[in-house]
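Note sheet for the following structure.
The values are calculated or read from the model by the stated rules, or taken from the named source; none is laboratory data. Bear in mind the structure is a predicted one, so any value in this text is a computation, not a measurement. Using ideal geometry, Cβ is built from the backbone for each residue, glycine included, and neighbour counts are taken over all protein chains shown. These area figures cover heavy atoms from the full protein model, side chains too; ligands, DNA and RNA do not enter into them. Shrake-Rupley method; radii C 1.70, N 1.55, O 1.52, S 1.80 Å.
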Amino acid sequence: MDYGRYTNLAADGVVICMPRPGGLHRVVVNFRGTGPNVLTLYDSAVAAAGAVLAVIDLTSPTSGTLHFGVACKNGVVAMLSGGTPGNVTVVTD
């Protein structure tokens, strides 16, 4: 069984999680951030631009695993921004 690939984000910035078409399986919120800390996921292979897949407020009571199961035409790029960053893991194909 293939469980996919993962990318962990623990600092503000932009990370290419999957540089090709494939699936976004889940986001695991390991711990929340403080202030206005947001994770934005894009259907893109190269930049924080394009179709927005999700915007997750990491200061809300959200924790645990968020299941997506969506096909991405271009890839997945994650941007963590604002406040004190939380810690998340993005699981893709």
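Before moving on, here are some points about what is shown:
- Set Gly86, Gly22, Gly75: member being modelled with pLDDT of 95 or more and either under 13 Å from the mean Cα position of the chain (by Cα) or of a type in the set (S, T, N, Q) (or both): Gly75
- Taken as a whole, the structure places Phe31 among residues that are over 13 Å from the mean Cα position of the chain (by Cα) and of a type in the set (A, V, I, L, M, F, W, C).
- Residues (in a strand (DSSP E or B) and either of a type in the set (Ser, Thr, Tyr) or open to solvent by 60 Å² or more (accessible area, probe 1.4 Å) (or both)) located in segment 52-67: Val52, Val55, Asp57, Thr65, His67
- Consider segment 2-44 and keep the residues that are closer than 18 Å to Asp57 by Cα and of a type in the set (Gly, Ala, Ser). The one that is least open to solvent (accessible area, probe 1.4 Å) is Gly33.
- Checked against the criterion of being touching a residue at least 40 places away in the same chain (Cβ under 8 Å), in contact with a His (Cβ under 7 Å, 6 or more places away or on another chain) and either under 14 Å from Val90 (Cα atoms) or not hydroxyl-bearing (Ser, Thr, Tyr) (or both), segment 14-22 contains not a single residue that satisfies it.
- A Cβ distance below 6 Å, combined with a sequence gap of six or more or placement on separate chains, defines the contacts here; from segment 69-93, residues that are farther than 13 Å from Asp43 by Cβ and open to solvent by less than 20 Å² (accessible area, probe 1.4 Å) reach residues that are charged (D, E, K, R) and part of a strand (DSSP E or B) in the pairs Val91/Arg26.
- Filter pass, Ala49 being in a loop (DSSP other than H, G, I, E, B) and exposed (fewer than 15 other Cβ atoms within 10 Å of the Cβ): yes
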